[in-house]
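Derivation of every value follows stated rules applied to the coordinates shown; laboratory data play no part. In this text, all values refer to a predicted model and were calculated from it rather than measured experimentally. For neighbour counting, all protein chains shown are included, and Cβ atoms are generated from backbone atoms with ideal geometry for every residue, glycine included.
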Amino acid sequence: MLVAFHKPYGVLSQFTPDHPGQRTLAEFQFPKGIFPIGRLDQDSEGLILLGNEPRLVARLLDPRHGHPRTYHVQVEGEPTGEALRQLAAGGIDLKGHRTLPCEARELSEPDYPHRDPPVRFRKSVPDRWIEMVLTEGKNRQVRRMTAAVGFPTLRLIRAAIGGLRLEGIEPGTWRELTAEDRRKLG
């Protein structure tokens, strides 16, 4: 079984809390025996997969397969063309790890539900959305990359894994993947 879940902000990508009071995947009534395939940090939202098929899980988690993951990122400030080129070129040093090349472009403001709690707003500092497509996934990598080029992340949403998109899955809901969905994963 393989399911797609729209992880809300503030939920851990695990079934047991690290500390009392933390929200986890346990509250979303998933079928028994499935587990998260990859992670999104507690402050991030969007598409995660859960499953119980060892071969598929191994393929999706193996860095050699480098399947693309698309992120919609609200950043503080107005990213310059140079900042987007730096992100795309890769080679950003993240404490001993040099990022691989990726795709990075400006994005019209996407139509996502408002987050609770809301993203901080400052009248004197604009914010913009960018889309990044990565084939690697280090801890908090997107946040660290945007900060490294001078545009801290305010909101981070994983919009797609391979060709499987988040559209149609409301925050806090999940659905079992169809055969067509599985083909989209690559």
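For the chain, what is the relative contact order in percent, using Cα pairs closer than 8 Å and at least 6 residues apart in sequence?
30
Karplus couplings for segment 47-54 from phi (6.51 cos²θ - 1.76 cosθ + 1.60, θ = phi - 60°), rounded to Hz, Gly and Pro as x?
3J(HN,Hα) across segment 47-54, in whole Hz: 6, 10, 9, 10, x, 9, 10, x.
Within the chain, how many Lys pairs that are eight or more residues apart, or on different chains, come under 20 Å at the alpha-carbon?
Within the chain, the lysine pair count is 4.
Could you derive backbone 3J(HN,Hα) for segment 56-70 from the dihedral phi with the Karplus parameters 6.51, -1.76 and 1.60 (θ = phi - 60°), listing whole Hz in sequence and x where the residue is Gly or Pro?
Each residue of segment 56-70 in turn: 5, 4, 4, 5, 5, 8, 6, x, 5, 7, x, 5, x, 10, 9 Hz.
Show me the GluC sites (Glu not before Pro) within segment 85-186 that DSSP assigns to loop and that have at most 10 other Cβ atoms within 10 Å of their Cβ.
Listed in order of number, the matching sites are Glu167.
Just to be sure I understand, if you calculate Kirkwood radius over Cα pairs in Å for this structure, which of (i) 19.1; (ii) 16.2; (iii) 17.2 do you get?
(iii)
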